[in-house]
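All remarks here apply to the structure that follows.
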Amino acid sequence: MIESFFPSLKHRGVEHLLISGQATVLYGAATFSEDIDLWLDPAPENCARFAAALRDCGARYYKLTPPLAAEHLERGHGFHFVLAGGAEPEFFVDVMGKPPRAGAFSAAIASARWMETEWGPLRTIGLKDLVELKKTQRVEDYPIISNLALAWFDQPEAAATPAELLWSMENIFTLSALTTFFEAHPGAVELTAGEQAAALKSFGRHVISGQAVPEQIEEELNTWMQRRMAALQQADRRYWRDIIAELKKLRSTGQLMPDGSEV
Amino acid sequence: MPADYETNSAGQSVKISEALSPYKAARWRQLTPRERLRRSWAMRSRLVDPRAAHDRKLFPKP
C-alpha cells in the first residue's frame, strides 16, 4: 500500500528524492501520474537499505530490471518494482541512481524541497533539476516542462531577476505557455536575445498590449520551439544508447531479475 | 453527489472534469501540493489497465 511505502523508506533510512511524474504533479505542472519515480542515493549501503524497505512492503521485481546493486545504479540503469495496492490497484515504483542530465545526488539534495502530502513529508527534487530530467524523447513532456518553467516563480527561492526570466523563457516550448509568461512578466520582453529575439519581442509586445499576435510570428516561434525540442529528444536518444545496449547484454546473458520474483 | 464526482478511498470527492484538465482552468496551481497529489493519485482507480499505462510510458515501442 502506498500509505506504508514511504514510511518504510523512512524507517529504513533510505536516502531518496521523489522525481518525475509525481514531482511534476506536486509542483502543479502536471495533473496525473500513475507511478512513483525515485532517485536513490547510489551508495552501496543505501542500496541495501532500499532493498530492505522493498522487502518490508512485499515488493516484486518488474520487467527489465538488473540486480539492485550500486554498480548498476551508477551506470544509469532503471529499476522497476510492483507493489500491492491493498484495496486500490497495484502500483509501480521506478528507481534510478543516476538519472539523465542530473548531477550528483548530494548536489540535488541541496536544492530539493520538502512537500507535505497525505503520505507524509516527501523530499522532492528541485524544480530546475526536474526540468532537466524531463527533457526526454516523449513529446508530452515538453508542455509539462513549460508549466514547470512558469511555476518556478511560485517557488519560495525564486526571484524574477533577468537571469531567472531568461531561464524560464528558454524552457518554454508552447505558445500558450509563452503567452502566460509575458502576461505575468511583461518586463521580460526587453530581455529577449538570440536568434529569435525579434519574434519573441514582437510576440511579447502583442500579448502585453492585448492584441492578436500575427500568424507569421506564431509560426516562426512554433518552428523554433519544435527545433529545440527535436534537438533535446535526439540528445536523450543518444544518452540512452549505451545504457540500453548494456541492458540488452544483461538480458541475453540471463542477468536480469525474473519478472514477478520477490525482492 | 453529482454524477461527475467520484469518491476516493479516503471518502473525499474528486470532480472528474477538474482532474482531467485542471491546469487549463488555472485552478490546479492554486491547490496545495498535498491536494494536487491526492487528486492525481485518486485518478489511478480510473485506469482500465494500470500495467499497460505504466509500460506504455516506460517501455515505448520504437
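FYI, it's all coordinate maths here, none of it is from the lab. Fair warning: this is a prediction, and the values are worked out from it, not measured in the lab. All Cβ positions, even for glycine, are placed from backbone atoms using ideal geometry, and neighbour counts span all protein chains on display.
Suppose R0 equals 41 Å. What FRET efficiency, 1/(1 + (r/R0)^6) with r the Cβ-Cβ distance, do residue A:11 and residue A:240 give to the nearest 0.05? Intermediate results must be reported in sequence, preceding the final value.
Details: r = 34 Å, r/R0 = 0.82.
That pair, residue A:11 with residue A:240, gives E of 0.75.
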Taking θ as phi - 60°, what are the ³J(HN,Hα) couplings along the range A:247-263 by the Karplus curve (6.51, -1.76, 1.60), each to the nearest whole Hz, with x for Gly and Pro?
5, 4, 5, 4, 5, 5, 9, x, 9, 7, 6, x, 4, x, 6, 6, 5
Just to check I understand the Karplus step: with θ = phi - 60° and J = 6.51 cos²θ - 1.76 cosθ + 1.60, what whole-Hz values come out for the range A:146-157, glycine and proline as x?
4, 5, 5, 4, 6, 6, 3, 6, 8, 7, x, 8
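Run through the range A:177-263 and list the GluC sites (Glu not before Pro) located in a DSSP loop whose Cβ has at most 12 other Cβ atoms within 10 Å. Write down the numbers at each step before the final one.
Working: sites: A:183, A:190, A:195, A:215, A:218, A:219, A:220, A:246, A:262; in loops: A:195.
In loop regions of the range A:177-263 (DSSP not H, G, I, E or B), the sparsely surrounded GluC sites (Glu not before Pro) are A:195.
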Suppose we keep just the alpha-carbon trace of the range A:2-133; what are its Rg and Dmax in angstrom?
13.7, 38
Show the residues, 5+ positions off or on another chain, whose built amide H is closer than 5 Å to the amide H of residue A:123.
A:18, A:115
In whole Hz, the Karplus estimates of ³J(HN,Hα) for the range A:63-80 (6.51, -1.76, 1.60; θ = phi - 60°; x where Gly or Pro) are 4, 6, 10, x, x, 6, 10, 4, 4, 6, 4, 5, 7, x, 6, x, 10, 10
How long, wide and thick is the range A:141-236, going by the Cα atoms along their three principal axes, in whole angstroms, largest first?
33, 32, 21
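Computed over the Cα atoms of the protein assembly as shown, what is the ratio Rg over Rh, Rh following Kirkwood? Numbers along the way, then the final one.
Details: Rg = 20.8 Å, Rh = 21.1 Å.
My calculation puts Rg/Rh at 0.98.
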Charged-residue dipole, Cβ positions (Lys, Arg, Asp, Glu), the range A:55-151 about Cα centre, Debye nearest 20:
340 debye
Quickly estimate the mean residue ellipticity at 222 nm for chain A, helices only: each DSSP H run with n ≥ 4 gives -39500 (n - 2.57), and the total goes over all residues, rounded to 500.
-15500 deg cm²/dmol
